[in-house]
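Student: First the structure, which I've put down as C-alpha coordinates, then a few questions once you've had a look.
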Amino acid sequence: MTTTVSVTHRGEMELPKAFRRRNKIAPGTALRVTEVGAGLYVTPLPEPSERELREVIAAAGTLVRPQTIEDEAFVRSLVAEHRAGRRRR
(Lines give C-alpha, C1' and ligand atoms only; values in the text may rest on other atoms or scores of the structure.)
Protein backbone atom coordinates (compact mmCIF):
# COMPACT_ATOMS: atom_id res chain seq x y z
CA MET A 1 0.00 0.00 0.00
CA THR A 2 1.28 3.46 -0.85
CA THR A 3 -0.39 6.54 0.54
CA THR A 4 0.39 10.13 1.45
CA VAL A 5 0.19 11.40 5.02
CA SER A 6 0.90 14.83 6.47
CA VAL A 7 3.20 15.59 9.38
CA THR A 8 1.89 18.02 12.02
CA HIS A 9 3.91 20.88 13.49
CA ARG A 10 4.64 18.51 16.40
CA GLY A 11 6.16 15.92 14.05
CA GLU A 12 3.18 13.57 14.30
CA MET A 13 1.48 11.72 11.46
CA GLU A 14 -1.60 9.53 11.28
CA LEU A 15 -1.25 6.10 9.71
CA PRO A 16 -4.25 5.00 7.63
CA LYS A 17 -6.69 2.72 9.48
CA ALA A 18 -6.33 -0.13 6.96
CA PHE A 19 -2.55 -0.04 7.37
CA ARG A 20 -2.82 -0.07 11.19
CA ARG A 21 -5.31 -2.93 11.15
CA ARG A 22 -3.30 -5.04 8.69
CA ASN A 23 -0.07 -4.54 10.67
CA LYS A 24 -1.72 -4.86 14.12
CA ILE A 25 -0.66 -1.36 15.18
CA ALA A 26 -2.65 -0.16 18.18
CA PRO A 27 -2.22 2.97 20.30
CA GLY A 28 1.03 2.61 22.20
CA THR A 29 2.64 0.23 19.69
CA ALA A 30 6.36 0.96 19.36
CA LEU A 31 7.52 1.57 15.79
CA ARG A 32 11.06 1.37 14.45
CA VAL A 33 11.84 4.04 11.84
CA THR A 34 14.87 3.35 9.65
CA GLU A 35 16.33 5.70 7.05
CA VAL A 36 16.67 3.96 3.70
CA GLY A 37 18.25 6.23 1.14
CA ALA A 38 15.96 9.23 0.88
CA GLY A 39 13.03 7.34 2.45
CA LEU A 40 11.84 5.87 5.74
CA TYR A 41 11.11 2.23 6.55
CA VAL A 42 8.59 1.87 9.40
CA THR A 43 8.10 -1.46 11.17
CA PRO A 44 6.22 -2.34 14.37
CA LEU A 45 8.44 -3.70 17.15
CA PRO A 46 7.20 -7.03 18.47
CA GLU A 47 6.42 -7.19 22.16
CA PRO A 48 9.03 -9.06 24.17
CA SER A 49 8.16 -12.62 25.09
CA GLU A 50 7.76 -13.66 28.71
CA ARG A 51 11.09 -15.53 28.44
CA GLU A 52 12.85 -12.39 27.17
CA LEU A 53 11.39 -10.31 29.99
CA ARG A 54 12.49 -12.88 32.59
CA GLU A 55 16.02 -12.95 31.14
CA VAL A 56 16.31 -9.15 31.21
CA ILE A 57 15.02 -8.91 34.76
CA ALA A 58 17.21 -11.79 35.94
CA ALA A 59 20.26 -10.18 34.35
CA ALA A 60 19.46 -6.76 35.82
CA GLY A 61 18.46 -7.87 39.31
CA THR A 62 18.64 -4.70 41.38
CA LEU A 63 21.46 -2.55 42.61
CA VAL A 64 21.25 -4.02 46.11
CA ARG A 65 20.02 -7.61 45.73
CA PRO A 66 19.40 -10.37 43.17
CA GLN A 67 15.90 -11.11 41.87
CA THR A 68 13.74 -13.13 44.28
CA ILE A 69 11.04 -15.72 43.58
CA GLU A 70 8.49 -13.06 44.54
CA ASP A 71 9.97 -10.65 41.99
CA GLU A 72 9.67 -13.27 39.27
CA ALA A 73 6.08 -14.07 40.28
CA PHE A 74 5.25 -10.37 40.13
CA VAL A 75 6.70 -10.11 36.61
CA ARG A 76 4.76 -13.21 35.49
CA SER A 77 1.52 -11.76 36.86
CA LEU A 78 2.09 -8.45 35.05
CA VAL A 79 2.81 -10.24 31.76
CA ALA A 80 -0.34 -12.36 32.14
CA GLU A 81 -2.42 -9.30 33.02
CA HIS A 82 -1.08 -7.39 30.02
CA ARG A 83 -1.78 -10.27 27.63
CA ALA A 84 -5.33 -10.69 28.97
CA GLY A 85 -5.96 -6.97 28.40
CA ARG A 86 -4.68 -7.10 24.83
CA ARG A 87 -6.92 -10.09 23.99
CA ARG A 88 -10.03 -8.14 25.10
CA ARG A 89 -9.46 -5.39 22.51
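The values are calculated or read from the model by the stated rules, or taken from the named source; none is laboratory data. Since the model is a prediction, treat every value here as computed from it, not as a measurement. Using ideal geometry, Cβ is built from the backbone for each residue, glycine included, and neighbour counts are taken over all protein chains shown.
Student: Can you tell me which residue within region 1-24, out of those that are modelled with pLDDT of 85 or more and either in contact with a helix residue (DSSP H, G or I) (Cβ under 7 Å, 6 or more places away or on another chain) or among the basic types (Lys, Arg) (or both), is surrounded by the most Cβ atoms within 10 Å (Cβ to Cβ)?
Tutor: Filtering region 1-24 for residues that are modelled with pLDDT of 85 or more and either in contact with a helix residue (DSSP H, G or I) (Cβ under 7 Å, 6 or more places away or on another chain) or among the basic types (Lys, Arg) (or both), the one surrounded by the most Cβ atoms within 10 Å (Cβ to Cβ) comes out as 20.
Student: Restricting attention to region 1-18, which residues are in contact with a strand residue (DSSP E or B) (Cβ under 8 Å, 6 or more places away or on another chain) and not in a loop (DSSP other than H, G, I, E, B)?
Tutor: Selection gives 7, 13.
Student: Of 42, 33, 64, 56, which residue is over 16 Å from residue 15 (Cβ atoms) and not in a loop (DSSP other than H, G, I, E, B)?
Tutor: Result of the check over 42, 33, 64, 56: 56.
Student: Quick check on region 25-55: of everything there that is under 18 Å from residue 82 (Cα atoms) and polar (S, T, N, Q), which residue is surrounded by the fewest Cβ atoms within 10 Å (Cβ to Cβ)?
Tutor: 49
Student: Kindly indicate the residue of region 55-89 that is basic (Lys, Arg) and within 17 Å of the chain's Cα centre (by Cα) and also modelled with the lowest pLDDT among those meeting that condition.
Tutor: Filtering region 55-89 for residues that are basic (Lys, Arg) and within 17 Å of the chain's Cα centre (by Cα), the one modelled with the lowest pLDDT comes out as 89.
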